[in-house]
Every structure is written in C-alpha cells, then in structure tokens.
Amino acid sequence: MGRRALLGVGGWLAAAVLTTIAVVWAVSLIGTDITGPAARPMTLKEVERALATASAVPSVGPPASAGPGSQALGFSYAEGSVTAACDAGRALLLSWTPAPGYGVDDVERGPAHTASVVFESDDRKTTVSLTCRSGTPVATVRSAAEHDED
C-alpha cells in the first residue's frame, strides 16, 4: 500500500471522527425538545392545588339504560363518580369510578333501601349513599378527613 493510500484512509478516518463529534454535540444542544415540549409529571403541590379547585358540586349526567321502567342517573364528585338506578323502589349501583388519587373502600351495590360506595384517599374518606324517591335515584355525600373517622 502506498503512501497516498495511507493518507487517504487517515484523512477519511479523521473526517469520520470529526463528523461524529459534531453530530453528538449538535444533538446535545437540541436536548429532549426534539419532538416538542417534554411532558413532566405534576408535583404534589400541583396535584393538591388542582384537587382543591375541583368542584365538589355534583353534576348529573344524562340518563343511561338500566332496564325497563327504571331511570339511571350519573353523579360526579371530586372524589369519583357513580351511576345508579331504582329497581322496584330500591337503589341499585350500576357503576362507580374513583377519581385519580382515590380508591374504592367499600361497595353496597343493592338493590337495597340504600346503596353506597366509599371513595378513599390517603387523608379523606367520602361516602356516596343512594336512595330512591319517586323512582329516581338521589345521592347524599358525606366526607371526612381520615383522622376524623371513628
């Protein structure tokens, strides 16, 4: 192999190394924003602030199908949501979903005079009780801090 060939291979290797260094440096400048703003998890204070500003006033959803002759209603709270119907004058829980940060502690599905579900977080316990008035589900909410419970 001649001197010219060695110089050609050496020059090619030097160019490849310099190109690789330049690319790595350019990518490090771009950072994680190459595909847009980076998603990040909420801090505990941001979660608490969002939960504190959430409305505790129930919103009644559209009627759902619970069977012939019964009317189902959805109720939503900061702690979770429930869908209930009345079956021969007795309350029946059709579904329940805890809000983020809450779990389900106890469910009395019914049909019964009173159906209920307990949503529980680290520091709060909320009981949603359902009864029937004139064939329509009615929700009552009782909420307490965990240390207030018996």
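The values are calculated or read from the model by the stated rules, or taken from the named source; none is laboratory data. Nothing here was measured: the structure is a model prediction, and the numbers come from that model. All Cβ positions, even for glycine, are placed from backbone atoms using ideal geometry, and neighbour counts span all protein chains on display. Calculation scope for accessible area: heavy atoms of the full protein, side chains included, ligands and nucleic acids excluded. Shrake-Rupley method; radii C 1.70, N 1.55, O 1.52, S 1.80 Å.
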> How high is the FRET efficiency between TRP25 and GLU46 when r is their beta carbon distance and R₀ equals 25 Å, given to the nearest 0.05?
Replying inline: 0.10
> What residues qualify as long-range amide H neighbours of ALA72, i.e. H under 5 Å apart, gap of 5 or more or another chain, H built at 1.01 Å from N?
Replying inline: ALA64, ALA66
> Can you pull the accessible area of ASP122 for me, 1.4 Å probe, Å² to the nearest 10?
Replying inline: 150 Å²
> Gain in length, GLU108 to SER95, computed as 0.36 nm per residue apart minus the alpha-carbon separation, to one decimal in nm?
Replying inline: 3.5 nm
> Around PRO98, what is the net charge, scoring Lys/Arg as +1 and Asp/Glu as -1 over all other residues with Cβ under 15 Å from its Cβ?
Replying inline: -4
>> I'd like the accessible area for THR140: 1.4 Å probe, protein heavy atoms, all chains in place, Å² to the nearest 10.
In response: 80 Å²
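Stretched out fully, how many nm does the piece from SER129 to LEU7 gain, at 0.36 nm a residue minus the Cα gap?
Result for the pair: 35.4 nm of gain on full extension.
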